[in-house]
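Asks: First the structure, then my questions, so here it is.
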Amino acid sequence: MSSTIETPPLLDVLRRRWPLVFVVSLLVGIAAAVFAIANRDYYESTAKLLFRQTIGPEQNAYGLAPTSPDVDKLARDFEQLVESRDVAENTAAALRRRGIAATTEDVLADVRVTGGRDSDVVTIVARARRPERAALLANLYARSAQELAGAAERRAALRLARLVRAELRQAARRRTTAAVQRLSSYLERLELLASGDNAVPRLIQRGYVPTGKAGDPIQTVLLGLIFGAVLGSGLALVREQTDRRLRRSEDVVAAFGAPVLTTLPFSRRLNREGPLGLLDPELAEAFRVLDANLRFTNGRPLSALAICSQGRDEGRSTVAWHLAAAAARSGLRVAVVEADLRRPVLARRHGLHAAPGLLQVLRGQASPLDVLQVAPLSLEGLDERRGSLHVITAGGSPPDPWSLLQSSAIGPVLDVIRGSHDLIVIDTPPLGHYADAVAVVRGIDGVVAVARLGETRLADAARFTGQLQALRVPVFGVVANGGSISGGYSLQPITLASADEESEGTPPLRRSRTPGGPLAPGLRDR
């Protein structure tokens with residue numbers, strides 16, 4: 001038994017989670033459309049600045065900069081300087097001097113600064129509702145960035161020039177010609193930078209007056225849809241990873257540590273009320289596969305098994321009835337015992353008498369053979385000369401089924417029925433909700449678990465198998481309810497390596513000592 005569920009292929013996840021992917025894609029696409037419409041009235045203009053580390057060698061020589069500067073860091077520093085609030089404040093002031101009302105926040109909202117990786121170029125994109133205003137804003141912002149960057153560069157050059165002059169005077173006193181020449185060259189360069197004649201950064205593209213409005217709404221919406229699809233797919237994968245429900249036969253095998261004996265496709269015909277007619281071919285074949293997989297596994301004879309599940313509404317009663325019918329069609333004398341005294345359904349579904357039944361037998365008011373009812377064989381397509389299907393209904397719903405089952409011991413009841421039947425199929429209450437099932441499964445050959453794909457959870461399967469292991473009750477296999485049979489049927493159960501090892505020794509159905517013989521005394525045709 002595995003504590004995890006293997007993630008299925010991506011296409012399977014997307015097919016199952018397509019509503020999530022669709023909704024996320026649609027929402028992001030709508031958001032992109034709203035953004036495109038909201039920004040459709042704006043014009044954009046672009047200016048570009050080129051930064052160079054003009055005093056890098058001098059700073060390196062005096063230990064004021066790293067020996068090998070990080071190009072990426074320099075690019076980020078340039079970008080941070082241009083998009084700083086100081087630049088926006090100077091730009092807003094320049095706009096106000098021109099008679100344009102603008103605040104620092106307005107400039108920050110209307111200007112976008114980007115810098116490329118490993119690049120000295122910083123791009124400034126300004127937007128406005130008029131094309132001329134967009135170009136003006138881009139150029140004023142670029143000029144403000146130039147002024148601030150140039151001022152910082154001049155201050156650094158003046159500070160470094162003082163160091164170089166002091167070093168130059170010492171070199172002159174020592175009459176070190178090579179040092180004097182090198183330091184003189186440094187000083188000349190630094191004085192040029194300090195004078196401001198060599199502007200840093202350099203404007204390599206002025207903001208132009210745009211001829212059309214910014215953005216392409218169609219392109220924006222398409223990009224939004226694509227991004228939404230990618231985001232939705234990612235959310236679908238995350239949801240799949242956190243979803244602990246069993247969705248595939250492989251998940252069921254790993255969770256229960258037992259083979260999948262058959263897969264039942266969803267069908268409303270299985271749960272309809274009234275006498276049961278012939279099943280759809282695919283459903284009938286699924287139950288024949290279940291019967292065959294149980295009967296033809298080597299081991300000791302199998303005379304009584306219970307159909308169990310951890311939760312409610314997973315299809316126990318349906319599986320018990322149709323498994324019994326399939327075994328009867330193959331020539332066995334089969335008895336169905338409805339041991340679910342809390343929610344009995346067989347009488348209502350299949351046109352049987354609700355009482356007397358198991359409740360009266362447990363109370364000592366009737367014998368097991370007296371309450372056996374004969375199923376309507378013609379409706380089941382059975383050959384009465386080969387097999388038979390008998391039923392013991394619940395007989396009612398007592399206030400405390402657990403005390404009744406525990407004190408009366410259902411074992412002797414099953415012993416009586418074994419004498420005249422090849423197989424007993426017991427419909428139990430859910431193991432995870434009531435203790436009644438514990439009293440029922442003790443003393444039988446084993447159980448067949450029922451799991452509803454898409455609803456049964458990994459933790460439920462773990463509790464189910466753990467409880468049966470503690471009771472030393474073998475699990476012959478699992479019926480995967482609500483699955484897909486598009487891949488066809490096989491008499492070989494779906495297993496993993498561990499499930500194959502655990503399934504060794506699963507017993508076949510026991511043949512009655514008098515197969516096909518007369519009906520046992522006391523059986524009544526109900």
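Each reported figure results from applying straightforward, stated rules to the coordinates on display, with no laboratory input. Note that this is a predicted model, so its numbers are computed, not measured. Virtual Cβ from ideal backbone geometry, glycine too; neighbours counted across all protein chains shown.
Asks: Ordered by residue, what ³J(HN,Hα) values in Hz, to whole numbers, does segment 414-424 give under the Karplus form 6.51 cos²θ - 1.76 cosθ + 1.60, where θ = phi - 60° and Gly and Pro are x?
Replies: Karplus-based 3J(HN,Hα) across segment 414-424 equals 5, 4, 5, 5, 4, x, 10, 9, 7, 8, 10 Hz.
Asks: At 0.36 nm per residue, and after removing the present C-alpha to C-alpha distance, how many nm does the segment from R112 to V34 gain when stretched out fully?
Replies: 26.1 nm
Asks: From the phi of every residue in segment 19-31, what ³J(HN,Hα) in whole Hz does the Karplus formula 6.51 cos²θ - 1.76 cosθ + 1.60 yield, where θ is phi - 60° and glycine or proline is x?
Replies: The phi angles translate into x, 5, 4, 5, 5, 5, 4, 5, 5, 5, x, 5, 4 Hz.
Asks: What is segment 306-364 by shape, rounded, prolate or oblate, if you read a ≥ b ≥ c off the alpha carbon gyration tensor as root eigenvalues and call it rounded for a/c under 1.5, prolate for a/b larger than b/c, and oblate otherwise?
Replies: It comes out oblate by the Cα gyration axes.
Asks: Over all distinct Cα pairs, what is the inverse of the mean 1/r for segment 91-187, reported as the Kirkwood hydrodynamic radius in Å?
Replies: Value: 16.8 Å, from the Cα pair sum.
Asks: For the pair A435 and S367, what calculated FRET efficiency results from E = 1/(1 + (r/R0)^6), where r is the Cβ-Cβ distance and R0 = 41 Å, to the nearest 0.05?
Replies: 0.95
Asks: Further question on the same structure: Between G446 and residues 5 or more places away or on another chain, which pairs have amide H atoms under 5 Å apart, with H built 1.01 Å from N, and which residues are they?
Replies: The list, which skips near neighbours in sequence, is A306.
Asks: Quick one: order T262, T465, T318 by neighbouring beta-carbon count within 10 Å, fewest to most.
Replies: T465, T318, T262
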